[in-house]
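S.K.: For reference, the structure I am asking about is given below.
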Amino acid sequence: MEYNFKEIEKKWQKYWDDKKTFECKNEGKNPYYILVEFPYPSGAGLHVGHVRSYTAQDAIARMMRMQGHNVLYPMGWDAFGAPAEQYAIKNHIHPKDAVRENIKTFKTQMKTLGFSFDWSREFSTTDPDYYKWTQWQFLQFYKHGMAYKDTIPVNWCPQCKTVLSNEDAAGGVCERCGSSVVQKEKSQWMLKMSSYSEDLLTGLADTNFADKVKLAQINWIGKSTGVEVNVDIVGGGKFSIFTTCPETIYGITFFVIAPDGKLIKELMPRVENPDEINKYIEETKKKSAMDRTELNKGKTGVEVKGIKAINPVNGKEVPIFLGDFVLGDYGTGAVMAVPSHDQRDFEYAKEHNLEIIKVIDCGDITEHAIEKTEYMHHDYKMINSEEFNGMVVDEARERISDMLEEKGIGKRVNNYKMRDWIFSRQRFWGEPIPMINCPDCGWVPVPEEELPLLLPDVAEYEPTDNGESPLAKITDWVNCKCPKCGKDATRETDTMPNWAGSSWYFLRFMDAHNDKEFASMDAMKYWNKVNWYNGGMEHAARHLLYARFWVQFLYNIGLVPNKEMIDTRVSHGMVLGSNNEKMSKSKGNVINPDDIANEFGADTLRVYEMFMGDYQQDAPWSTDSLKGCKRFIDKVIRIKDKVTDSEEYTKSLESIQHKTIKKVQEDLKTMGYNTAVSALMILTNAYDDQETITKADYRLLLTLLNPIAPHVTEELNEQLGYKPICESTWPTYDESKTIETEKEIGVQVNGKLRATIKVNVDDSEDSLKEKALKEENVKKFTDGHEIVKVIAIKGRIVNIVVK
RNA sequence: GCCCUUGUGGCGGAAUUGGUAGACGCGACGGACUCAAAAUCCGUUGGUAGCAAUAUCGUGUCGGUUCGAGUCCGACCAGGGGCACCA
């Protein structure tokens, strides 16, 4: 058996390139858009995890093309962002050069593995032709009042003098130098994502995302319904609180406000203990970046002395406290505290010796509070709540909310955990934010016709001492004229986050070379949506939500045809090291796909990654199993020796052939890749059991295996004298031929298997019973017993119940 | 603490969605070919008992529903991941 997989693979890869086999046009019947998350081209090269999802989607793409779909399966590069910048700083090369090199490596690797990407639509988010439109879209956000500047606290490393992302500041420690991170106020561009909270929630109904993906987004958006209540302060002034438990309002014994909120600043002139308060505020600032669970054994806080608040429903005067468990940027930055029915309030009250009043008659609360999750399940009655006493909790909740609304002290509102999107990065390697600060006109957008606002070339791309982007040092770039009044002005030096370019790249693939618009409406209408989007679970809440927000905004200003541009979203499991741990250099368990492809061939690697386990679940690497897949391919090659010249199918193989067509095509569409491979192995084994098989038989196997192992199947197919599989059509099956007429079914006595009988699927239930009762081993268990009943299911099972 | 997810042979994993548990592959053992090795081929392979037919136990644990449960219901246990004082 002469078989040089390297030559074969190169040969067919060249064929596909030369013939532009996988390039698609924006026209024709049955468009279908398959997308995998475009990678970040890191210096490490392609990971075997990439190979898993690219192969999976590739298999679907190849099959669907043969089934007559116009398939778009594009690839590009998500190349802006901190890792490239860090890599560049470390290796003293320009990020642009590093990215170019990395892309080259990735692309070569992808080609070596035979993915059927449409390379004619390739782009990188770092291409000026692409980020021009990212900037243009930012300007649309700005022009529609969706982008604004705000001063917010950021993670700041005083040692490195730089702003850190939350990931780089994990545990309150700077990842690079190890010094502790503090919060620093910084003016940042923000996108009003929170105003889309409800739309992003309801929009999920128009998608076919996997349930766990939807759930991740729902949790991230974090909707809670409740009542916002106005609270008066004794001696003037007021604030409001948000509660999801209005039924407990009579149980308020104190209020807690956020140390980082606006309210305490307003109250400061009136407080009797300003030193104590200020000290606490300072402590909170230091703490907030750190892992709070460590520091929060108890509930800290100080009383705001000299100021009392009034419970709006009963006029009772209660104290106000400062507590760092109340967040300045969620809800109203103030909460009502009902220690009897909220465990956190309970602990706080114990810590500070505060009154606890029970308002729901629900049992003992001396040890801990009885919370909503507990009391709402019972028909508990209200107490200590004036006219609501005796009412069941469910009802009291509504009536109290009504009362608050009627009296104008409160209103029902929804709150969301999701915040506005911090869109600024004090980094060099990102899309420059196209805004100009004019001393007279304020913020003025760069005129659209001047886009792209190019990222200038610099000698040094390390962050500046004061945490500004390195762009701030390039004075001849920073200094410019105001587009509005022509006076001297300065450019924004912050750049966009990595998430910007990836929020709309799937739209660009629909019309990648358009230089008039980011993508034409016609092109987007033709493809309609991304039909099938595969990516990691880690992006379910971040990238995927940003992308949906971006699209919904574009939809609202009439620039995309659908409010949701992604239909089905699925996620793949990770490929773990052979020790069942995440692959990492430090653990020494990294498998390089190049090495595998070199030693065993791309087809073997592809088959193995499809066969290794449930696609949606993590699976450990096993080189032994990989070798098994190599043996499978070798066997497919070997049985070519059995092929006769006949163009007829072998009659005795008809049933298994039709079953395999059905199984493979269904499994590929439902991500059952491992069982698809298994079915192909079974078919191969069946062929191997024959003395001879026909050309037609063999070609069928090659066609079915082609989406997963495209090179070797094309080669063998060519040797048979057929035209390439990639230019052929997918076989069809006849449902009636997938059903076996003869079948072995089990016979149970009292639910225990005692025999199997050969039956015809059409045999009547009575004949099954008759046959079953004749079995020797069945008789052993029925003789001498009374047969109570016999359950017989056609083609399935017989169960005899005896006493 | 909350949310998600997974528990099936020595291993990766199948199981028509309530109907013969362990498909397919790996590994292991025995055999054939070979001077030998590799490759390939044949056979065995969940535990226990038995030469065998067969019996019995068996899908994380305990209970339930059912003629019948890996699958449905209830309570728990363990591993993996995420969020984390969200009022």
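The values are calculated or read from the model by the stated rules, or taken from the named source; none is laboratory data. What you see is a predicted model; the values in this text were computed from it and never measured. In this analysis, Cβ positions are derived from the backbone assuming ideal geometry, glycine residues included, and neighbour counts consider all displayed protein chains. Note: accessible area is taken over every heavy atom of the protein model, side chains too, but ligands, DNA and RNA are not part of it. Shrake-Rupley method; radii C 1.70, N 1.55, O 1.52, S 1.80 Å.
S.K.: Points 7 angstrom from Cα along the Cβ direction at A:ASN528 and A:LYS411: gap in nanometres?
M.R.: Placing both labels 7 Å along Cα→Cβ, they lie 4.1 nm apart.
S.K.: Full-extension gain between A:MET376 and A:GLU347, please, as 0.36 nm times their residue separation minus the C-alpha to C-alpha distance. Numbers along the way, then the final one.
M.R.: Numbers: separation 29, 0.36 × 29 = 10.44 nm, distance 2.11 nm.
Contour length minus Cα-Cα distance gives 8.3 nm.
S.K.: Note the angle between two axes, namely the Cα long axis of helix A:5-19 and the longest principal axis of the Cα atoms of chain A, as a number of degrees from 0 to 90, rounded to the nearest 10.
M.R.: Value to nearest ten degrees: 70.
S.K.: Separate question: Return the FRET efficiency for the residue pair A:MET521, A:VAL590: r is the Cβ-Cβ distance, R0 is 56 Å, and the value is rounded to the nearest 0.05. Before the final figure, lay out each step's value.
M.R.: On the way: r = 45 Å, r/R0 = 0.80.
E between A:MET521 and A:VAL590, to the nearest 0.05, is 0.80.
S.K.: Between A:GLU538 and A:ASN580, what's the calculated FRET efficiency when r is the beta-carbon distance and R0 is 22 Å? Round to 0.05.
M.R.: Working: r = 19 Å, r/R0 = 0.85.
It comes out at approximately 0.70.
S.K.: Here is a further query. Over region A:382-531, what is the relative contact order in percent, taking alpha-carbon pairs closer than 8 angstrom and at least six residues apart?
M.R.: Working: 178 pairs, mean separation 31.1, N = 150.
Averaging sequence separation for qualifying contacts and normalising by length gives 21 percent for region A:382-531.
S.K.: Strictly over 25 Å apart at the Cα level, which of A:LYS25/A:LYS143; A:LYS662/A:LYS743; A:LYS265/A:LYS308; A:LYS186/A:LYS279; A:LYS10/A:LYS635 would you flag in this model?
M.R.: A:LYS25/A:LYS143
S.K.: Go ahead and estimate [θ] at 222 nm for chain A from helices alone: -39,500 (n - 2.57) per DSSP H run with n ≥ 4, summed, over the residue count, rounded to 500. Mind showing how you got there, number by number?
M.R.: Values: 28 runs with 289 residues, N = 803.
Per the formula, -10500 deg cm²/dmol.
S.K.: Further, regarding this structure: Using only Cα atoms, tell me the angle between helix A:623-638 and the longest principal axis of chain A; keep it within 0 to 90° and round to the nearest 10.
M.R.: 40
S.K.: A further question on this structure: Could you pull out the trypsin sites (Lys or Arg not before Pro) across region A:93-161 that fall in loop regions by DSSP (anything but H, G, I, E, B) with no more than 13 other Cβ atoms inside 10 Å?
M.R.: Numbers: sites: A:LYS96, A:ARG100, A:LYS104, A:LYS107, A:LYS111, A:ARG121, A:LYS132, A:LYS143, A:LYS149, A:LYS161; in loops: A:LYS161.
Sites meeting the loop and neighbour criteria: A:LYS161.
S.K.: On a full-extension model of 0.36 nm per residue, what is the gain between A:ARG631 and A:GLU449, subtracting their alpha-carbon distance, rounded to one decimal in nm?
M.R.: Result for the pair: 59.6 nm of gain on full extension.
S.K.: For chain A, with the dipole built from +1 on Lys and Arg beta-carbon atoms and -1 on Asp and Glu ones, taken about the Cα centre, which of A:GLY751, A:ALA512, A:ILE739 lies farthest toward the positive end?
M.R.: A:ILE739
S.K.: Out of the total accessible area of region A:507-646 (probe 1.4 Å, heavy atoms of protein only), what percent is carbon and sulfur? Can you show the working numbers first?
M.R.: Numbers: 2470 of 5620 Å².
That fraction is 44 percent.
S.K.: Charges on Cβ only, +1 for Lys and Arg, -1 for Asp and Glu, centred on the Cα centroid of chain A; of A:PHE117, A:ASN219, A:GLN140, which one is farthest towards the dipole's positive end?
M.R.: Working it through, the farthest residue towards the positive pole turns out to be A:PHE117.
S.K.: Between A:GLU101 and A:LYS723, what is the FRET efficiency for a Förster distance of 35 Å, r being their Cβ-Cβ separation, to the nearest 0.05? Can you show the working numbers first?
M.R.: Numbers: r = 39 Å, r/R0 = 1.11.
Efficiency computed from Cβ-Cβ geometry: 0.35.
S.K.: Let me spell out the model: positive unit charges on the Cβ of Lys and Arg, negative unit charges on the Cβ of Asp and Glu, origin at the Cα centre of region A:652-803. What dipole size does that give, in debye rounded to 20?
M.R.: On the way: 21 positive and 25 negative charges, 158 e Å.
Magnitude of the dipole: close to 760 debye.
S.K.: If you place +1 on the Cβ of every Lys and Arg, -1 on the Cβ of every Asp and Glu, and leave all else neutral, what size is the dipole of region A:188-230 about its Cα centre, to the nearest 20 Debye? Could you put the intermediate results ahead of the total?
M.R.: Values: 4 positive and 5 negative charges, 30 e Å.
So the dipole magnitude of region A:188-230 works out to roughly 140 debye.
S.K.: Given region A:343-417, what count of lysine pairs have C-alpha atoms under 16 Å apart, with each pair 8 or more places apart or on different chains?
M.R.: Working: A:LYS350/A:LYS358; A:LYS358/A:LYS372; A:LYS358/A:LYS381; A:LYS372/A:LYS381.
So the count works out to 4.
S.K.: Suppose all protein chains stay in the model; what accessible area per residue would a 1.4 Å probe give for chain A, in Å²?
M.R.: Details: 35870 Å² over 803 residues.
Result: 45 Å² of accessible area for each residue.
S.K.: If you don't mind, another one. Among A:THR207, A:TYR196, A:PRO434, whose Cα projects farthest towards the positive end of the dipole of chain A, with charges put on the beta-carbon of Lys, Arg (+1) and Asp, Glu (-1)?
M.R.: Toward the positive end, the furthest listed residue is A:THR207.
S.K.: Taking θ as phi - 60°, what are the ³J(HN,Hα) couplings along region A:21-32 by the Karplus curve (6.51, -1.76, 1.60), each to the nearest whole Hz, with x for Gly and Pro?
M.R.: With coefficients 6.51, -1.76 and 1.60, one gets 4, 9, 7, 10, 10, 7, 7, x, 7, 6, x, 8 Hz.
S.K.: With the crude spin-label approximation of a point 7 Å out along Cα→Cβ, what separation in nm comes out for A:THR202 versus A:LYS481?
M.R.: Spacing of the two 7 Å Cα→Cβ label points: 4.8 nm.
S.K.: With loop defined by DSSP as not H, G, I, E or B, and exposure as at most 11 other Cβ atoms within 10 Å, which is the longest segment of chain A clear of exposed GluC sites (Glu not before Pro)? List each step's numbers first, then the result.
M.R.: On the way: sites that count: A:GLU2, A:GLU27, A:GLU167, A:GLU272, A:GLU367, A:GLU460, A:GLU581, A:GLU647, A:GLU648, A:GLU691, A:GLU786.
With a cap of 11 other Cβ atoms within 10 Å, the longest stretch comes to A:28-166.
S.K.: Over region A:503-641, what is the relative contact order in whole percent, taking alpha-carbon pairs under 8 Å and six or more residues apart?
M.R.: Numbers: 153 pairs, mean separation 27.6, N = 139.
For region A:503-641, the relative contact order is 20 percent.
S.K.: Give me the number: length gained by fully extending A:THR108 to A:LEU327, i.e. 0.36 nm times residue separation minus the C-alpha to C-alpha distance, one decimal in nm. If you can, show how the numbers build up before the last one.
M.R.: On the way: separation 219, 0.36 × 219 = 78.84 nm, distance 4.94 nm.
Working it through step by step, the gained length comes to 73.9 nm.
S.K.: What percent do you get for the relative contact order of chain A when only Cα pairs under 8 Å and 6+ apart count? Intermediate values should be presented prior to the final figure.
M.R.: Numbers: 1450 pairs, mean separation 111.6, N = 803.
Value for chain A: 14 percent.
S.K.: Using unit Cβ charges (K, R positive; D, E negative) and no other charged atoms, how large, in debye to the nearest 20, is the dipole of chain A about its Cα centre?
M.R.: Details: 103 positive and 122 negative charges, 135 e Å.
Its charge dipole is roughly 640 debye.
S.K.: For chain A, take the longest principal axis of its alpha carbons; what is the angle in degrees between that and the long axis of helix A:393-406, to the nearest 10 within 0 to 90?
M.R.: 50
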